[in-house]
1. Residues that are modelled with pLDDT under 95, touching a Gly at 6+ places or on another chain (Cβ under 6 Å) and not assigned by TED's automatic domain parsing to the domain that holds A:Leu334: does the stretch A:497-506 have at least one?
2. Those residues that are within 17 Å of A:Phe217 (Cα to Cα) and either part of a strand (DSSP E or B) or not assigned by TED's automatic domain parsing to the domain that holds A:Asp138 (or both), I need them from the stretch A:29-77; list them, please.
3. As an exercise: evaluate A:Thr120 against (1) of a type in the set (S, T, N, Q); (2) surrounded by 17 or more Cβ atoms within 10 Å (Cβ to Cβ); (3) outside any helix (DSSP H, G or I) and give the number of the one condition it does not meet.
4. Kindly provide the set of residues from the stretch B:27-36 that are farther than 21 Å from A:Ser210 by Cβ, surrounded by 13 or more Cβ atoms within 10 Å (Cβ to Cβ) and either within 13 Å of another protein chain (Cβ to nearest Cβ) or without any contact (Cβ under 8 Å) to a residue 12 or more places away in the chain (or both), ordered by number.
5. When you check A:Asn570 against the structure, is it in a loop (DSSP other than H, G, I, E, B) and of a type outside the set (D, E, K, R), yes or no?
6. Looking at the stretch A:88-106, is at least one residue hydrophobic (A, V, I, L, M, F, W, C), within 14 Å of chain B (Cβ to nearest Cβ) and part of a helix (DSSP H, G or I)?
7. Since A:Phe213 meets every condition but one in (1) more than 28 Å from A:Ser385 (Cβ to Cβ); (2) without any contact (Cβ under 8 Å) to a residue 24 or more places away in the chain; (3) within 14 Å of chain B (Cβ to nearest Cβ); (4) not hydroxyl-bearing (Ser, Thr, Tyr), which condition does it not meet?
8. Within the stretch A:367-431, considering only helices (runs of 4 or more DSSP H) that don't extend past its boundaries, which have at least 3 residues that are at pLDDT below 80?
Amino acid sequence: MGKNENLSYFLNEAKNIKTDDFEKKIRIAILGSSTINGYEETIRVKCHQKKIACRTYNSNYNQYNQEILKKDSKFYEFKPDITFLILDVRHVLGELFFIPYSLSELEKREFIKNKVTEITNLIKTITNHSKSHVIFSDLQIPTYSPYGINEQKQEFGLKQIVKNINEKIKIEIKNEDLAYILDFNEFIQKYGEENIFNYKQYFSGDMKISIEFIPKFIDELMKFVNALTGSTKKCIVLDLDNTLWGGVVGEDGFDKIKLGDDPIGKSFVEFQKRLLALNQRGIILAINSKNNFDDAIKVINEHPNMILRKENFSSMKINWNDKVSNLREISKELNIGIDSLVFFDDDQMNREFVRNQLSDVLVVDLPTDSSIYPKILTEMNVFESIKITDEDLKRRDMYSQQQKRNEFKNEVGDFNEFLKKMNIEIKIKKANNFSISRISQLTLKTNQFNLTTKRYKEKEIEIFSKDENKIVECVEVKDKFGDNGITGAYIVEKKENEWIIDTFLLSCRIIGRGIEDSMLEQIIEKARKQNIKIIKGKFIPTQKNKPAENFYENFGFSLEQDFWVFNTDNTINKPEHIKVIKNE
Amino acid sequence: MSEKLYQIISKVFNVESSKINDETSPENLEEWDSFNFYVLLDELENEFNIKFDLDETLEIKKVGDFKEIFERHRIND
């Protein structure tokens, strides 16, 4: 990548994609009012780079209306998971784009109302007639008005018309679970209208976005694709010297490192503030630094301009071990996959070493100029999540509780004794409006303790939860150190004589404490009540779910052909240290 | 100049540069379609640091036509 980011690279690379047998799959439809050539090729390549198998569908030029309104169109036949609706403000406004003052106040209001209805209808028609998420790229606010400096004095200037349409569409679809807005004006702000809009290309081929900036625009679409496929990162691992502050604390000393007062120091402070904001919305931070522990921790605890403090870091590896071993340790300690880590280090040797040894870690190429650090962080689109759930916001606390649990475990010594003293309490809850998005998120993100690794979107969980022949339940876990929130879920398919466990998963943070057994026991108890003798489940191996491999066998299931089978007449060993609350 | 021009054309159209000469046109090169022609124009503008006028872009019917435009823009390297 890097130099090869122009459109011709993507057009050619798209032809070379052969194998795309990836676990993550997505079907993307792009509907546009302008020419959208080059979009699908670029998105296919970008998905391929992220190991997402991608199929694409393009509407014919300016045919989006018919394709959306006709229920038997090729578009619906394609069954997209995600649909991008990209309308050009010129097409939406028509003549009004050029001569906005030909209409009276009243007519303008009427016009706005009609356009909002028209567009929200399109969006809602898609969500009603398919399972697709719909991403509407909002209308570009013009930078020119024939009224000039008097534009702002008009009740309804040209810009106001467009802003009103955008604002009203936003309100209309706010509560539509599957509909999102792509902030196109933010994209224009970032790169500038003069760069993005090219008159020659517009007149030649009705291109809304100049050829040079199509790959950048696709990055905006990728944010949604990443979030929807669960291809997001959970943890930022940071070096210290010349990464979180300027200089080397071991050599320059506590007073001489650059943090805060001079131009270089300011760039590190801003970088830390950006990191803090991500931390507060649920991205975990960790340290991986070759340093004397005492020197480094003194800065973290006592430096007056330090923004990130000890409590912001869920794991701190400040030692003389190599960076790869430390990253492995961090992944183990936090119980998250190596591929959930992003690594920031100013030292190129370290970066190359990590890249070579741990190809799944996203290694960020930090430039020598620290003033660019904040920009690099804010332009990474790997932390997107389709919904910010309560668990995301609480995650930071949860990891610090986790540290306390580990300390307590070492204190108690005996593991069984530790479990008893933890006062674990689990609540089993039927899926409802509050938990559906979290259950979907768990199916998308859980890799380790996940028996079948079936990925379900919110809409699908919602449909399952209304299905009489399915049980969709989640588990909320609490212990003496705090609330883990909803961290487990299962989906059971009820057949006449047997039940089949379709999905069974538990966040890796809490495995190995008997919670998984309690969950399975709930299913078995339910089955007994309804006189079901047979419960079956599959273990579908992936590269990551080894921790769940022996779960059914250890519980007492026996393997019959493809299924692990349990007869509900058999006795089960209840984990006595867990208090179960049923909340149905 | 020819060599660099052929190189860029071969890269954008994804064909070997030996297949490209001044007579190459949409009629004899199937990889040359209306959209990647615009992609080519864009790359040439960036590579040679020039801007084609809209009417110039409409004049181009074969590779040789680029050279004429370049001469007009005094690009000879």
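The values are calculated or read from the model by the stated rules, or taken from the named source; none is laboratory data. Not measured: the values here are computed from a predicted model. When we count neighbours, we look across all protein chains shown, and the Cβ atoms used for this are built from the backbone with ideal geometry, even at glycine.
1. So far as the stretch A:497-506 goes, yes, one or more of its residues are modelled with pLDDT under 95, touching a Gly at 6+ places or on another chain (Cβ under 6 Å) and not assigned by TED's automatic domain parsing to the domain that holds A:Leu334.
2. A:Ala29, A:Ile30, A:Leu31, A:Gly32, A:Thr35, A:Thr56, A:Asn58
3. A:Thr120 satisfies every listed condition except (3).
4. Answer for the stretch B:27-36, where residues must be farther than 21 Å from A:Ser210 by Cβ, surrounded by 13 or more Cβ atoms within 10 Å (Cβ to Cβ) and either within 13 Å of another protein chain (Cβ to nearest Cβ) or without any contact (Cβ under 8 Å) to a residue 12 or more places away in the chain (or both): just B:Glu31.
5. Working: in a loop (DSSP other than H, G, I, E, B): yes; of a type outside the set (D, E, K, R): yes.
Taking the combined requirement at face value, the residue satisfies it.
6. Of the residues in the stretch A:88-106, the ones hydrophobic (A, V, I, L, M, F, W, C) are A:89, A:92-93, A:96-99, A:103, A:106.
When the remaining residues are screened for being within 14 Å of chain B (Cβ to nearest Cβ), the result is none.
No, that holds for no residue.
7. Unmet condition: (1).
8. On the way: elements: A:373-378, A:390-412, A:415-421.
The qualifying helices (runs of 4 or more DSSP H) are A:390-412.
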